[in-house]
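The values are calculated or read from the model by the stated rules, or taken from the named source; none is laboratory data. Because the structure is predicted, anything quoted here is derived from the model rather than measured. No Cβ is skipped: glycine too gets one built from the backbone with ideal geometry, and neighbour counts run over all protein chains shown. Each accessible area value is taken on the protein alone, full model and side chains, heavy atoms only, with ligands, DNA and RNA left out. Shrake-Rupley method; radii C 1.70, N 1.55, O 1.52, S 1.80 Å.
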Amino acid sequence: MVADVKPLTQDDLDAYWQEAASQLGLQELLSQALPRLGEKQGTIEIDAQSVVFADDFRAHRIDVMQFLRQKAGMPLLDCKVNPMFVTQEELIYSPDNKYKAMLEANPAMLSLRRLFPDIER
C-alpha cells in the first residue's frame, strides 16, 4: 500500500528549511539562502543571499537534502543552488577622478603627489 504524498508547498519548504537549520546546527549557513519550489515538481531551488553560500553549502548538501526528503516524504527531491555573484560596474575615470578615488582609498597619496607633482605626464 503506497501512501499518498501531499504536494510540497512553499510554506512547508520554509518550515522544513528552518527545522533543518536547527536540527543540523546550520542556522548561520542556512540563513544565507532562500529555498523555493523549483519549476519541475520534485525540485527546489536555493537562492544564495551571500557570495560564499554555494561553496559553504556543498559540504552539508547531502545532510540537508536527506532531512528535507524525509520531512517532505519525497525520496527523490533534488535541489539546484543558485550562487550569488557580485558584479561591479566598470568605472571610467579621468586622471583627476582617478586620483580622487585613489586618494579616498589611500590618503597617503597626497604626500606622493607633493613629491611628484607632474606624475600624470
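Structure values in brief
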read-out	value
Leading residue by the ranking (farthest from the chain's Cα centre (by Cα)) among those in region 63-121 that are at pLDDT below 90 and closer than 22 Å to Gln32 by Cα	Gln88
Helices (runs of 4 or more DSSP H) contained entirely in region 22-121, each with at least 3 residues that are under 19 Å from Asp11 (Cα atoms)	61-72
Residue in region 25-43 that is most open to solvent (accessible area, probe 1.4 Å), counting only those that are under 15 Å from Asn82 (Cα atoms) and over 12 Å from the mean Cα position of the chain (by Cα)	Glu39
Meets criteria (open to solvent by less than 60 Å² (accessible area, probe 1.4 Å) and free of Cβ contacts under 8 Å to residues at least 24 places away in the same chain) for Arg69	yes
